1. Tell me, which strands (runs of 3 or more DSSP E) wholly within region 122-197 include 2 or more residues that are within 23 Å of Ile68 (Cβ to Cβ)?
2. Select from region 93-110 the residues that are among the aliphatic types (A, V, I, L, M) and in contact (Cβ under 8 Å) with a residue 12 or more places away in the chain and list them in ascending order.
3. Report the residue count in region 11-46 for those that are in contact with a Gly (Cβ under 9 Å, 6 or more places away or on another chain) and crowded, with 18+ Cβ neighbours inside 10 Å.
4. Being within 21 Å of the chain's Cα centre (by Cα), aliphatic (A, V, I, L, M) and in the same structural domain as Ser191 (by TED's automatic domain parsing) is the requirement here; does Ala56 meet it?
5. Just a yes or no: is a residue in region 226-233 of a type in the set (D, E, K, R) and out of contact with any Gly (no Cβ under 7 Å at 6 or more places or on another chain)?
6. Filter region 224-269 down to residues that are closer than 30 Å to Gly145 by Cα and of a type in the set (D, E, K, R) and give me whichever is modelled with the lowest pLDDT.
7. Does Lys34 count as of a type in the set (Lys, Arg), more than 22 Å from Gln139 (Cβ to Cβ) and in contact with a Lys or Arg (Cβ under 7 Å, 6 or more places away or on another chain)?
8. Assess whether Asn109 counts as being over 19 Å from the mean Cα position of the chain (by Cα) and modelled with pLDDT of 95 or more.
Amino acid sequence: MKKILNYIDGSYDESFSKDWLDNYNPSKGEVYSKIASSTKADVNSAYLAAKKAFPAWSNTTINERSTILSRIADLIDDHLDMLAEAETLDNGKPLNLAKSVDIPRASSNFRFFAHAITQFSSEAHESIGLNSMNFTLRQAIGVVGCISPWNLPLYLFTWKIAPALAAGNTVVAKPSEVTPMTAFLLGELCSKAGLPDGVLNIIHGTGPAAGQAIVEHPNIKAISFTGGTKTGESIARTAAPMFKKLSLELGGKNPNIIFADCNYEKMLSVTIKSSFANQGQICLCGSRIFVEKSI
């Protein structure tokens with residue numbers, strides 16, 4: 001049975017505990033692989049690898065980082081079929097959705113930020129009459145933690161790690177233990193693209209064990225999390241007293257607003273699609289409908 005291993009310092013390894021979690025194929029309800037069950041020891045190992053890699057990575061040129069991120073995007077495109085099939089097997093979504101949305105968006109995430117970093121500017125402001133100038137200096141902050149959900153596994157995993165890497169940070173990342181396969185496969189593609197060892201480290205395990213260890217690690221400077229509101233509340237409660245930078249994308253309630261002058265047939269099809277695409281598990285899916293009183 002396939003084993004989903006941690007990716008730390010450019011190598012795949014079991015967790016220190018040697019414990020495993022079951023990974024299910026939801027279409028059959030059967031265990032088809034085993035997931036490394038990580039704890040604080042694994043997270044700290046990943047942190048140390050990221051810390052070691054940070055000085056060199058943060059001092060690479062923008063062009064170097066852009067080139068490597070673009071290569072990762074190209075490799076994701078080259079492995080579209082393999083990644084889409086893995087996403088469908090792991091998540092249960094239709095294969096055509098994984099092929100047309102999830103995996104192409106994952107490569108687009110890397111490509112977007114590969115180009116974006118070449119366009120960043122630093123503002124300068126002259127203090128007239130004082131013979132002085134103020135300017136903005138943007139620098140990488142260090143090791144950051146990224147925790148992603150199960151509804152759009154590789155899509156949202158890459159949406160977090162790509163900008164962090166582009167900015168010169170190194171990363172300790174944890175995908176959902178419900179859908180870890182494509183994040184596991186991504187590690188090898190990153191190595192092939194020339195991403196230096198330790199720049200991206202991927203830890204597998206549960207939220208209370210591995211995820212919480214990332215959040216409460218004293219030297220991980222920032223946390224980006226997408227998931228449930230209650231979990232986000234817990235993360236904020238832990239991270240706020242530590243003055244970590246936080247990005248929390250939590251549960252949303254998005255209304256479809258239907259006006260009397262709409263194209264009725266088009267409205268029906270778009271409303272259904274926007275509410276139930278990806279089984280309705282998208283942050284932007286319509287979970288409420290507001291209808292103008294006249295109709």
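1. Filter on region 122-197 gives 143-147, 170-174.
2. Of everything in region 93-110, those that are among the aliphatic types (A, V, I, L, M) and in contact (Cβ under 8 Å) with a residue 12 or more places away in the chain turn out to be Leu97, Ala98, Val101, Ile103, Ala106.
3. 10
4. no
5. Yes.
6. Within region 224-269, the match that is modelled with the lowest pLDDT is Lys253.
7. Answer is yes for this residue.
8. no
The values are calculated or read from the model by the stated rules, or taken from the named source; none is laboratory data. As the structure is a computational prediction, the values presented were derived from the model and not from experiment. Quick reminder, even Gly has a Cβ in these numbers, built from the backbone with ideal geometry, and neighbours come from all protein chains shown.
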